[in-house]
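**Student:** The structure follows.
Since every read-out is calculated from the coordinates, none of them should be taken as a lab result. Source: prediction; values computed, not measured. Here the Cβ positions follow ideal geometry from the backbone for every residue, glycine too, while neighbour counts run over all protein chains shown.
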Amino acid sequence: MIKECKYRMSLPEEERGCIEHKCHHYQDVFGKHPQTGELIKEFMCDDLLRNILTIENSKMQMENGKAIDSLRNESVKSLFSGMSNIAKILRLNKG
């Protein structure tokens, strides 16, 4: 059975199959698969590609959120450490 292409649904049934390299929705993909980490070097329909890129985008957003949270925690630690040092200096100068 030939895979039907949603972009060719207006054609007669016998012409609805994927035409691969003749179609502008058929894209060359090179990179790492976001779930498995394996290298990808193949052509695929942009529908499948869109799904893979959505997964990759979500993964990158989660990593960025973790990095921002870590940066915030380090900044807060540094701020409290600095304030503690200032308080010690002020106490020494008073006494």
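**Student:** Along region 15-21, what does the Karplus equation 6.51 cos²θ - 1.76 cosθ + 1.60 (θ = phi - 60°) give for ³J(HN,Hα), rounded to whole Hz, x for Gly and Pro?
**Tutor:** Values per residue, Gly and Pro as x: 10, 7, x, 5, 9, 6, 5 Hz.
**Student:** Using modelled amide H (1.01 Å from N, peptide plane; none on Pro or chain starts), what sits under 5 Å from the amide H of residue 29, excluding residues fewer than 5 places away?
**Tutor:** Result for residue 29 returns 42, 43, 44.
**Student:** Mean residue ellipticity at 222 nm from the helices of the chain, using -39,500 (n - 2.57) per DSSP H segment of n ≥ 4 over the full residue count, to the nearest 500 deg cm²/dmol?
**Tutor:** About -19500 deg cm²/dmol.
**Student:** Here's another thing I want to ask about it. Per residue of region 6-14, in order, report the coupling 6.51 cos²θ - 1.76 cosθ + 1.60 (Karplus, θ = phi - 60°) as ³J(HN,Hα) in whole Hz, putting x for Gly and Pro.
**Tutor:** 5, 7, 10, 5, 7, 7, x, 3, 6
**Student:** Taking the 0 to 90 degree range and rounding to the nearest ten, how far is the long axis of helix 46-94 tilted relative to the main principal axis of the chain, both from C-alpha atoms?
**Tutor:** For helix 46-94, the angle is close to 0 degrees.
**Student:** Looking at the square roots a ≥ b ≥ c of the eigenvalues of the Cα gyration tensor of the chain, which shape do they give, rounded for a/c under 1.5, prolate if a/b is larger than b/c, or oblate?
**Tutor:** prolate
**Student:** Over region 1-45, calculate the relative contact order: mean separation of alpha carbon pairs under 8 Å at least 6 apart, over the residue count, as a percent.
**Tutor:** 28
**Student:** Quickly rank 51-61, 69-79 as a protection proxy: mean count of other C-beta atoms within 10 Å, highest first. Intermediate results must be reported in sequence, preceding the final value.
**Tutor:** Details: 51-61: 12.3, 69-79: 10.0.
The densest-packed peptide leads the list: 51-61, 69-79.
**Student:** Now, a different point. Give the long-range amide H neighbours of residue 18: residues separated by 5 or more places, or on another chain, with amide H under 5 Å away, using H modelled in the peptide plane at 1.01 Å from N.
**Tutor:** Correct list: 3, 5.
**Student:** Do you know the relative contact order of the chain, to the nearest whole percent, from alpha carbon pairs under 8 angstrom that are 6+ apart?
**Tutor:** Reported as a whole number, the value is 15 percent.
**Student:** Okay, moving on. Convert each backbone phi in region 32-43 into a coupling constant with the Karplus relation 6.51 cos²θ - 1.76 cosθ + 1.60 (shift: θ = phi - 60°), then list the ³J(HN,Hα) values in order as whole Hz, x for Gly and Pro.
**Tutor:** 9, 5, x, 8, 9, x, 6, 6, 10, 9, 7, 9
**Student:** Run the reach check for residue 66 against lysines, Cα to Cα strictly under 25 Å, same-chain hits fewer than 8 apart removed. What comes back?
**Tutor:** 32, 77
**Student:** Exposure proxy check: 5, 18 ranked by fewest other beta carbons within 10 Å? Can you show the working numbers first?
**Tutor:** Numbers: 5 19, 18 15.
With the fewest neighbours first, 5, 18 line up as 18, 5.
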